[in-house]
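J.: Take a look at the following structure, please.
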Amino acid sequence: MRAIIIGGGPSGKFGATALKMMGSEPVVIEKGFLGGECANKRCIIEISLAEYAISLDVAEAMGLEPSSTSFEDVMKDLRDFREMMRQFFAMQAKTSGMEEIRGEARLIDSKTVEVDGETIKGDVIVIATGSRPFLPDIAGIDLKGVITYQNIIDMRELPEEFVIVGGGAVGASYAYSFNRFGSKVTVLEGLTFLSQEDHDLRSYAMEQLENRGINIVEGAMVQEVKGNSKVESVIAEVNGEKKEFSADCILFATGLIPNSEIAKDIGVKIGERNEIVVDERMRTSVDGVYAVGDVTGPPFLTPVARREGWVAASNIMGNDLKIDYSLIPHFTALFMDFASVGLTEEEAVKKYGKDNVAVLMMPPVAPYPLGNRSIWLAKHDPKLTGMLKLLVERKSRKLVGAHMASYSGKNALHYLAALMKKGFTIDELAEVIEVYPDNDLFPVMAKQMLGMV
Ligand SMILES: Cc1cc2nc3c(=O)[nH]c(=O)nc-3n(C[C@H](O)[C@H](O)[C@H](O)COP(=O)(O)OP(=O)(O)OC[C@H]3O[C@@H](n4cnc5c(N)ncnc54)[C@H](O)[C@@H]3O)c2cc1C
């Protein structure tokens, strides 16, 4: 079985690795670099910048001399690191014996791909072409100084007045980092800032970010970018009133659009959001053609893309496997990890009824500094103890939502998600013997608050 995989991002690379492990000889066609957008322009860049900003926070809270490293030096380090990562991925592909072709692929039919005039034939094709930034069609969008996440890694100077359009996970994280580096940051969000978060966590994030001087404007519909040779301001309608926000750089963090155009030539069904329509086994409408990752639409998350690559590989090799999108954890990199899995309080109350949902929160019931490093943040500002929230369905005593703002605590979330899938209860959580000290205090919280459920 020879599979041709178009795209070497998390979905394609993971799919190829799985196929190789299962005994197939996949070939990956990549026009850029293995690791895809995630490693080269997105996740690693955004998270590394937040990590750097947090380190400055922690150093300052510990009373250490904050690093004299400039923004320009940090960006250069990141570019050097990206180079190292590219070499690592290339070496990894070589040692695993995975065949890689560098070039842009075009589909000829359901078994044939063309790359730079060369024709390649396979038994099946996996489309893993990812997504690109979505930009609103407004005046001034082409002006110099208007950027997307794709340009961040190439930034040479710190913007003075940095406007970020979009207050989702990406916009919020860059707002935190650039404010920490010294830019004057404004976030313009059309609806609600960090709308996917539970309201208590969202309020906590907003309060802390605003305290740092970030101007967060909700209900701001951006209409026009103004400037001559370069951006000077952005116009937005805020609650029916036109407002102008001056800027020397504007980041549009306004979402992603799937790169599905490649599939149109062979008649693959495309959905309303430009996504390739797939079934639970990642099969498209054309026999023998699979699609995985961002190109199939949201949720746009690397672990989801990887899983889809795995599911496609399994089905290609004759092992029946379906994708399961339930209880997927997500996180936003701010001054702490904001990580969640399951229902928000609003969703839990809607689903189970107010009387049947126990809301456990910390603080205020048990506010104290958490584990390593966060103790220094809390000493600096008691509000930086973080926040934990558990939602329990009273009748079954099962956990239905877990939300945390915690220094480096997010890694607990994927295990909690797996346990929640199996029906984990608050009583079982209370039995967990945790490592100490740690920034995941869910087990401690369960022990202390068991009586409230
Ligand atoms: C700023 C930002 C930060 C993010 N941070 C996180 C995070 O912290 N955690 C998380 O889970 N998710 C994060 N995401 C989402 C994550 O980046 C995506 O879900 C993930 O990259 C999807 O992987 P993919 O394989 O589908 O696509 P991609 O990573 O986009 O890879 C697709 C690859 O296909 C190649 N390609 C496209 N067309 C062709 C063609 N015709 N021929 C050959 N090659 C082609 C491209 O060059 C690219 O390398 C972030 C997204 C953004 C925008």
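J.: Working carefully through the options G297, G353, find the one that is more than 16 Å from the chain's Cα centre (by Cα) and either buried (at least 22 other Cβ atoms within 10 Å of the Cβ) or free of Cβ contacts under 8 Å to residues at least 60 places away in the same chain (or both).
T.: Working: G297 fails: more than 16 Å from the chain's Cα centre (by Cα).
Exactly one of G297, G353 is more than 16 Å from the chain's Cα centre (by Cα) and either buried (at least 22 other Cβ atoms within 10 Å of the Cβ) or free of Cβ contacts under 8 Å to residues at least 60 places away in the same chain (or both), namely G353.
J.: A further question follows. So P303 clears everything in (1) modelled with pLDDT under 95; (2) within 16 Å of the ligand (Cβ to nearest atom) except one condition, right? Which one?
T.: (1)
J.: While we're on this one: Among the listed residues E30, E46, E51, which satisfies the condition of being of a type outside the set (K, R) and surrounded by 24 or more Cβ atoms within 10 Å (Cβ to Cβ)?
T.: Values: E46 fails: surrounded by 24 or more Cβ atoms within 10 Å (Cβ to Cβ); E51 fails: surrounded by 24 or more Cβ atoms within 10 Å (Cβ to Cβ).
Sole residue among the options that is of a type outside the set (K, R) and surrounded by 24 or more Cβ atoms within 10 Å (Cβ to Cβ): E30.
J.: Sticking with this one: Identify, by number, the condition in (1) modelled with pLDDT under 90; (2) more than 14 Å from the ligand (Cβ to nearest atom) that A93 doesn't meet.
T.: (2)
J.: To continue, here is another question. Looking for something outside any helix (DSSP H, G or I), acidic (D, E) and over 20 Å from H330 (Cα atoms) - is there at least one such residue anywhere in segment 387-396? Please lay out each step first, then the result.
T.: Initial filter on segment 387-396 (outside any helix (DSSP H, G or I)): 387-396.
The next check asks that each one be acidic (D, E); those that pass are 393.
Pick out the ones that are also over 20 Å from H330 (Cα atoms) and you get 393.
Within segment 387-396 (the criterion being outside any helix (DSSP H, G or I), acidic (D, E) and over 20 Å from H330 (Cα atoms)), the answer is yes, since at least one residue qualifies.
J.: I266: surrounded by fewer than 21 Cβ atoms within 10 Å (Cβ to Cβ), within 16 Å of the ligand (Cβ to nearest atom) and not assigned by TED's automatic domain parsing to the domain that holds C43, yes or no? Show your work before the answer.
T.: Values: surrounded by fewer than 21 Cβ atoms within 10 Å (Cβ to Cβ): yes; within 16 Å of the ligand (Cβ to nearest atom): yes; not assigned by TED's automatic domain parsing to the domain that holds C43: no.
For I266, the condition - surrounded by fewer than 21 Cβ atoms within 10 Å (Cβ to Cβ), within 16 Å of the ligand (Cβ to nearest atom) and not assigned by TED's automatic domain parsing to the domain that holds C43 - is not met.
J.: For segment 90-139, give me the residue count where each residue is touching a residue at least 60 places away in the same chain (Cβ under 8 Å), more than 17 Å from E261 (Cβ to Cβ) and hydrophobic (A, V, I, L, M, F, W, C).
T.: Adding up the residues that qualify gives 7.
J.: Residues to consider are K322, K389, K410; find the one that is of a type in the set (K, R), surrounded by fewer than 17 Cβ atoms within 10 Å (Cβ to Cβ) and out of contact with any Gly (no Cβ under 6 Å at 6 or more places or on another chain). Reasoning before the result, please.
T.: On the way: K389 fails: surrounded by fewer than 17 Cβ atoms within 10 Å (Cβ to Cβ); K410 fails: surrounded by fewer than 17 Cβ atoms within 10 Å (Cβ to Cβ).
Residue meeting the stated conditions: K322.
J.: Another question, then. Of all residues in segment 15-47, which are part of a helix (DSSP H, G or I) and within 10 Å of the ligand (Cβ to nearest atom)? Don't jump to the end; show me each part of the working.
T.: Within segment 15-47, the first condition is being part of a helix (DSSP H, G or I), and the residues that meet it are 15-21, 36-40, 43-47.
Within segment 15-47, G15, G36, E37, C38, A39, N40, C43, I44, I45, E46, I47 qualify.
The values are calculated or read from the model by the stated rules, or taken from the named source; none is laboratory data. Since this is a predicted model, take the numbers as computed values, not measurements. All Cβ positions, glycine included, derive from the backbone under ideal geometry; neighbour counts span all protein chains shown.
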